[in-house]
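First comes the structure, then the notes that go with it.
Readers should treat all values here as calculations from the given coordinates under stated rules, not as data from a laboratory. All figures in this text were calculated on a predicted structure; none of them were measured in a lab. Here the Cβ positions follow ideal geometry from the backbone for every residue, glycine too, while neighbour counts run over all protein chains shown.
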Amino acid sequence: MRIDPVKSEEERDGRVREDQNISSGGETSVISEFKGAPIRSTDAQFGIVVSRFNKSITQDLLKGCLESLSSYDVTKINIVWCPGAFELPLAVERMINAGRYDAVIALGAVIRGETYHFEAISNAAINGLQEVALRTGVPVALGVITTETLEQARRRSTPGPNHKGTEAALAALEMSDLLQKLPRNPMDVPDYESI
């Protein structure tokens, strides 16, 4: 069976829903669409790991993150402080290994200095967090800002549309919901061998 890459009118309008049958060149394709939403289950628990380095910025990231989680009625939250962004992946992994969290949010601020240290720390933290998420299967929301200046960091950590703590909280909520909907093992996935 072949899926025609030309989208139908329903697809273009966004009306295609989970398991809707679409005819394509005389053949029918079943398309399943999965979307997460920033919602939580009543027993969801979230972890937040915050870097103490650049604490004036990370405290503001934490404040926006907590306000966002609170607006979605999240009440089970554990907060862990670690020395810096470099230590975030290990602290996040330890929280995940406790087996209690639907998602963990990592908050940090790395501001460029005069040496290569900025790139090394930024890359280590961000790649480490991604590796933890992929290895454990638990969502890790990235709330680590990497900026050229302190002023840029302040703009990303004060209330408003660019608040990275808020964005990380919303990403954690959405990914937690999405992973609840996605198939967990090969037996749950439809057989598309014939496609």
Checklist outcome for this item: Mean separation of Cα contacts under 8 Å (at least 6 apart) over the residue count of the stretch 46-180, i.e. the relative contact order in percent, is 33
Checklist entry - Using 7 Å Cα-to-Cβ label points, what is the Thr75/Glu131 separation (nm, one decimal)? => result 3.9
Checklist outcome for this item: If unit charges are put on Cβ atoms (+1 for Lys and Arg, -1 for Asp and Glu) and the dipole of the stretch 46-180 is taken about its Cα centre, the option from Ser71, Leu179, Cys82 lying farthest towards the positive end turns out to be Cys82
Checklist outcome for this item: For the His117, Val30 Cβ pair and Förster radius 41 Å, calculated FRET efficiency rounded to 0.05 is 0.20
Checklist entry - From the square roots a ≥ b ≥ c of the eigenvalues of the alpha-carbon gyration tensor of the stretch 42-179, which class results: rounded (a/c under 1.5), prolate (a/b over b/c), or oblate? => result oblate
Checklist outcome for this item: In nanometres, the difference between 0.36 nm per residue of separation and the alpha-carbon distance of Arg155 and Leu179 is 5.5 nm
Next on the checklist: Counting other beta carbons within 10 Å of each residue's own, what order do Val30, Val140 fall into, fewest first?
Outcome noted: Val30, Val140
Checklist outcome for this item: Ordered by fewest other Cβ atoms within 10 Å, a rough proxy for footprinting exposure, Phe53, Phe34 read Phe34, Phe53
Checklist outcome for this item: Put in order of increasing Cβ neighbours within 10 Å, starting from the fewest, Cys65, Cys82 give Cys82, Cys65
Next on the checklist: Taking loop as defined by DSSP and a crowding limit of 14 other beta carbons within 10 Å, which chymotrypsin sites (Phe, Trp or Tyr not before Pro) in the stretch 97-157 fit?
Outcome noted: Tyr116
